[in-house]
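These notes are about the structure you will find just below.
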Amino acid sequence: MICLLTLPPVPLELKSPLSFRTRAQQQHSHPFSQTLRSHTVPHKTLTGGGTATTTVANVALSEHNDLNAAEEGEPLPAELNEELMPNHVAVIMDGNGRWAKQRGLPTSAGHQAGSRSLRELVEICCKWGIRVLTVFAFSYDNWIRPKVEVDFLMNLFEREIKSQMQKFVSEGIRISVIGDSSKLPQSLQKLISDAEEKTKDNSRFQLIVAASYSGKYDIVQACKSLACKVKDGVIQLEDISESLVEQELETNCTEYPYPDLLIRTSGELRVSNFLLWQLAYTEFFFVKELWPDFGKAEFVEALISFQQRQRRYGARLS
């Protein structure tokens, strides 16, 4: 795993909460047809502190769950059934700011620790056969936060993409970014475009990063797209269906647009405008741990809970 301890010094004045949120491959369709799908699992990843924040990085590393066991060929934990692993896991990564505050550290340290958690999760997802991991990195609603916080998060996003690009390419990881990219810095927009282009043919694993994303925005932009097609005579009003709407949603970038499992950290019990359409039949799992403290044990717990549930999609199972 690449360490970011060589990053430029982190502005210590930043104060903000967090966001830098199967095996058998199957044909994707409406959730109902996925009842008997096989599933898979993800794991966590983090990003270290800057050269001026060595203490911060040490604190984050020493208090974080040990995920170094996730080496090549790491077997699936015995508690988990390989045939019941989720194909697509979504995560609302919450609690970076509180994690930092509890330790008397600047909020920027919490964001860096959360970034490291994400790296580790990506590694585990790849090694356990997860097909897709979608993370809520930055909500469209977060633009109202202080400029210093937003700027830090945008810079962190850029550094993460740059530092992980070679790994994405060499390990068969495809990266996709969903959300209203028009509000992102031009340099970040170009970086995202380049990363998506370089990894578009990778098929081992897909990381979808929701940045400047809103579930409401996603549905609205899909409706606008369909309205334009009706206006241009491409389709008729009567042709509009759930399937057509789904084809216009931003998650049309993946073979598995419906998360099987949503995990939210920090004890909050809401979806916060994330994947509102796509979560219709998703299983939810909420944990009290703050995102930088979310580790392999918590992830396994979420997966065990998922595997114990009956997914009926409205049907009555005999």
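The figures follow:
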item	result
Candidate set: region 121-172, residues that are part of a strand (DSSP E or B) and either among the β-branched types (Val, Ile, Thr) or closer than 16 Å to HIS111 by Cβ (or both); chosen: the one farthest from the chain's Cα centre (by Cα)	SER139
Members of region 250-280 that are buried (at least 18 other Cβ atoms within 10 Å of the Cβ), in a loop (DSSP other than H, G, I, E, B) and of a type in the set (Asp, Glu)	ASP260
Neighbours by Cβ (under 7 Å, 6+ apart or cross-chain): first from region 105-118, within 10 Å of TRP291 (Cα to Cα) and open to solvent by 10 Å² or more (accessible area, probe 1.4 Å); second modelled with pLDDT of 95 or more and among the β-branched types (Val, Ile, Thr)	LEU118/VAL135
Tally, over region 281-318, of residues that are surrounded by 13 or more Cβ atoms within 10 Å (Cβ to Cβ), part of a loop (DSSP other than H, G, I, E, B) and among the hydrophobic types (A, V, I, L, M, F, W, C)	3
Within region 233-249, considering residues that are part of a loop (DSSP other than H, G, I, E, B) and open to solvent by 60 Å² or more (accessible area, probe 1.4 Å), the one farthest from SER212 (Cα to Cα)	GLN236
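For (1) among the aromatic types (Phe, Trp, Tyr); (2) surrounded by fewer than 17 Cβ atoms within 10 Å (Cβ to Cβ); (3) farther than 12 Å from ILE178 by Cβ, each residue gets a yes or a no:
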| residue | (1), (2), (3) |
| --- | --- |
| LYS190 | no, yes, yes |
| ALA195 | no, no, yes |
| LYS200 | no, yes, yes |
| PHE205 | yes, no, yes |
| GLY215 | no, no, no |
| GLN221 | no, yes, no |
| ALA227 | no, yes, yes |
| LYS231 | no, yes, yes |
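The values are calculated or read from the model by the stated rules, or taken from the named source; none is laboratory data. None of these values were measured; they are calculated from a predicted model. Note that we place each Cβ from the backbone using ideal geometry, even for glycine, and neighbour counts take in every protein chain shown. All accessible areas refer to the heavy atoms of the entire protein, side chains included, with ligands and DNA or RNA removed. Shrake-Rupley method; radii C 1.70, N 1.55, O 1.52, S 1.80 Å.
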